[in-house]
Amino acid sequence: MNRQPADAATPRARILVVSPWETVWSLGRDSGVKAGVSDDDRFIDGFIAAGYELHFLRPRSDQSDARVHTHHYPNFFRATRGWPTFLRRPLWPLLFNLIVAPRAVAVARDIDAALVLGHSHYSTFTTSRVRRRMQIPSVVKFFGVMDLVHTEWSPLRYWFKNAEQLLALRHAQDAWIVLDDGTRGDEVIRARGVPADRVHFLPNGLNLEWMDRDVDAAAARRRHGLPADGLIVLFLARLVPSKRPMDFVRAAARVVNAGREDTTFVIAGDGAERAACERAARADGAAAHLRFIGTVEHDAVPDLMAAADVFVSTSTLTNRALPTCEAMICGVPVVAYDTGDTATVVRAGETGALVDDGDVDALADAIELLLESDSARGRMSEAGRRLARDTFVSWESRVAMEIELIASLLRD
């Protein structure tokens with residue numbers, strides 16, 4: 001178990017965090033590039049600063065974090081990762097309930113935990129059991145609701161896709177934290193029977209300080225190896241099917257083949273779809289105007305945004321994710337598919353352009369219209385910054401909301 005320094009401040013209370021993940025989640029950790037914001041990191045730093053002592057119960061691994069106390073359980077996730085999906089899918093929740101729940105009760109007793117917090121649907125039975133045995137508050141935190149949002153599916157398909165999550169929602173908790181990822185997750189879990197007064201819908205934090213950065217666009221282009229002249233359209237996401245990078249490539253090809261040869265289309269990110277996107281760019285005759293720059297450090301995102309004239313997002317569930325909001329903070333107008341809660345921030349004709357979900361031709365047309373109008377881009381840039389300033393929440397404020405929720409449960 002990792003211990004805090006001996007001179008650490010006396011904690012107000014010990015929180016046991018039950019997680020299915022080996023370490024603090026970080027996008028791009030496999031490549032060694034910190035490409036995304038880690039909610040886990042912000043949570044740990046904020047709660048320690050507030051005086052709490054954090055204990056994480058994780059699958060056994062060689063990973064460690066000196067900031068927290070780490071306890072382990074057998075890593076059945078790693079041991080069975082190569083098994084077929086139809087076996088793993090029912091096996092993992094079953095093993096979690098059988099192995100992790102009694103281990104969590106034992107750790108909670110050992111450390112005299114004041115509250116148990118679970119990550120994802122895997123943890124709900126475990127946190128509920130610790131709650132009953134220890135008579136302490138339990139909280140479950142959802143970082144996204146994924147397929148639960150697909151209420152348009154037939155009942156049979158919906159149950160087949162979401163059986164584990166739906167069963168997990170039946171275990172009583174004192175609070176459910178749902179992070180607002182733009183998929184209306186609070187509505188979804190309330191509709192599945194979770195009491196409304198126990199659902200706490202928290203906004204994602206954002207780096208609002210980026211709004212005050214003065215980044216030279218020409219220098220930013222040089223740093224990223226991008227053309228000094230012409231316009232730049234940026235796509236920033238993991239290159240996986242749910243982000244639909246192929247739609248961006250196809251729209252780029254349409255714009256280039258329509259005569260916009262002064263434009264460079266930049267794909268920042270990496271993933272399983274990259275090779276297919278590169279092949280499609282060559283086949284559509286747009287390869288010369290597409291740049292694949294790979295994974296970008298999160299701290300370098302304002303620099304990259306400064307180099308761009310238009311930002312594009314094509315995800316399936318929502319395009320109100322962090323990169324879209326970050327583009328607005330940095331004053332880059334957005335073109336996006338109208339999915340989930342995207343329209344709450346990408347306001348058509350005001351902060352960007354919205355097109356029907358999956359309509360690549362409309363996506364290309366919207367990009368081309370913005371490229372043709374310097375005044376429209378300038379107007380949308382300012383409107384996006386205003387909206388960000390008025391409605392987005394800093395990471396400090398967001399973590400403070402979570403701290404206050406935990407504190408209120410402990411008071412009660």
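Let me check I've understood the local charge: for Arg88, count other residues with C-beta under 12 angstrom from its C-beta, Lys and Arg +1, Asp and Glu -1. What total comes out?
My count for the surroundings of Arg88 gives +2.
To check my understanding: the extent here is largest minus smallest coordinate of the Cα atoms along each principal axis. What are those three numbers for region 252-397, in Å, largest first?
Each principal axis gives a Cα extent; for region 252-397 these are 46, 31, 27 Å.
Based solely on its DSSP helices, what 222 nm [θ] is calculated for the chain when runs of n ≥ 4 H residues each add -39,500 (n - 2.57) and the sum is averaged over all residues, nearest 500 deg cm²/dmol?
Here the helix-only value at 222 nm equals -12000 deg cm²/dmol.
Students sometimes get this wrong: rank Met328, Met134, Met401 by accessible area, probe 1.4 Å, all chains present, largest first.
Descending accessible area places them as Met401, Met134, Met328.
Which FRET efficiency value, to the nearest 0.05, is calculated for Arg133 and Ala343 with the Förster distance at 51 angstrom and r the Cβ-Cβ distance?
So, using R0 = 51 Å, E works out to roughly 0.65.
So between Ala376 and Ala218, what do we pick up on full extension, going 0.36 nm a residue minus the alpha carbon distance?
Extending this stretch completely gives an extra 54.8 nm.
Calculate, in whole percent, how much of the Cα-Cα pair population of region 123-217 lies beyond 20 Å.
Within region 123-217, distances greater than 20 Å cover 46 percent of Cα pairs.
What translational D, rounded to a whole number of µm²/s, comes out for region 341-394 from Stokes-Einstein when the hydrodynamic radius is the Kirkwood one over Cα pairs, at 10 °C and 1.306 mPa s?
133
Could you state the number of Å between the C-alpha centres of region 368-401 and region 92-154?
When both Cα centres are located, 37 Å separates them.
Mind ranking Trp21, Trp210, Trp153 by accessible surface for me, highest first, 1.4 Å probe?
Trp21, Trp153, Trp210
Please pull out the direction-averaged projected area of region 260-343, using the convex hull of its alpha-carbon atoms, in nm² to one decimal place.
For region 260-343, the mean projected area of the Cα convex hull comes to 6.1 nm².
Compare the peptides 246-253, 192-199, 70-77 by average per-residue count of other Cβ atoms within 10 angstrom and give them in order, highest first.
In descending order of packing, they fall as 246-253, 70-77, 192-199.
Can you tally the net charge around Asp359? Count Lys and Arg as +1, Asp and Glu as -1, for every other residue whose Cβ sits under 13 Å from the Cβ of Asp359.
After counting each charged neighbour, the total is -3.
At 1.4 Å probe size, with no ligands or nucleic acids counted, give the accessible surface of Tyr122 in Å², nearest ten.
Approximately 50 Å² for this residue.
What's the Kirkwood radius of region 171-243 in Å, using all Cα pairs?
16.6
Convert 25 °C to kelvin, take the viscosity as 0.890 mPa s, use the Kirkwood radius over C-alpha pairs of the chain as Rh, and evaluate the Stokes-Einstein diffusion coefficient in µm²/s, rounded to a whole number.
This corresponds to a translational diffusion coefficient of 107 µm²/s.
Give me the net charge for the shell around Asp338: Cβ to Cβ below 12 angstrom, other residues only, Lys and Arg +1, Asp and Glu -1.
Value of the local net charge: -2.
By average Cβ neighbour count within 10 Å, what is the ranking of 315-321, 364-370 from highest down?
The most tightly packed comes first, giving 315-321, 364-370.
Give me the three principal axis extents of region 30-189 from the C-alpha atoms, as integers in angstrom, largest value leading.
Ordered largest first, region 30-189 gives principal extents of 47, 36, 33 Å.
Efficiency by 1/(1 + (r/R0)^6): what FRET value for Ala276 and Ala407, r their Cβ-Cβ distance, R0 = 35 Å, to the nearest 0.05?
The value I calculate is 0.15.
Mind ordering 169-177, 211-219 by average Cβ neighbours within 10 Å, highest first?
Peptide ranking by packing, descending: 169-177, 211-219.
In debye to the nearest 20, how big a dipole does the chain give about its Cα centre with +1 on each Lys and Arg Cβ and -1 on each Asp and Glu Cβ?
Computed charge dipole of the chain: roughly 1900 debye.
For region 102-163, max minus min Cα coordinate along each principal axis, in Å, sorted largest first?
Answer, in whole Å and largest first: 46, 19, 16 Å.
Looking at the calculated P(r) for region 229-280, what percent of the C-alpha pair distances fall above 16 Å?
Cα-Cα pairs in region 229-280 separated by more than 16 Å: 37 percent.
Could you tell me which of Phe56, Val393, Ala336 has its Cα farthest along the dipole of the chain towards the positive end, charges placed at Cβ (Lys, Arg +1; Asp, Glu -1), taken about the Cα centre?
Of the candidates, Phe56 comes out farthest on the positive side.
So, for region 206-290, what is the accessible surface per residue at a probe of 1.4 Å, expressed in square angstrom?
46
Please identify which residues in region 320-346 have an amide N closer than 18 Å to a label point set 7 Å out from the Cα of Ala300, following the Cα→Cβ vector.
Under 18 Å, as judged by backbone N against the label point of Ala300, lie 323, 327 of region 320-346.
What does the C-alpha gyration tensor say about the overall shape of region 198-301? Classify as rounded when a/c is under 1.5, otherwise prolate if a/b is larger than b/c, or oblate.
Here region 198-301 falls in the oblate category.
The values are calculated or read from the model by the stated rules, or taken from the named source; none is laboratory data. Just so we're clear, the structure is a prediction, and the values are computed from it rather than from any experiment. Don't worry about glycine lacking a Cβ; one is built from the backbone with ideal geometry, like all the others, and counts go over all protein chains shown. For accessibility, only protein heavy atoms count, side chains too; no ligands or nucleic acids. Shrake-Rupley method; radii C 1.70, N 1.55, O 1.52, S 1.80 Å.
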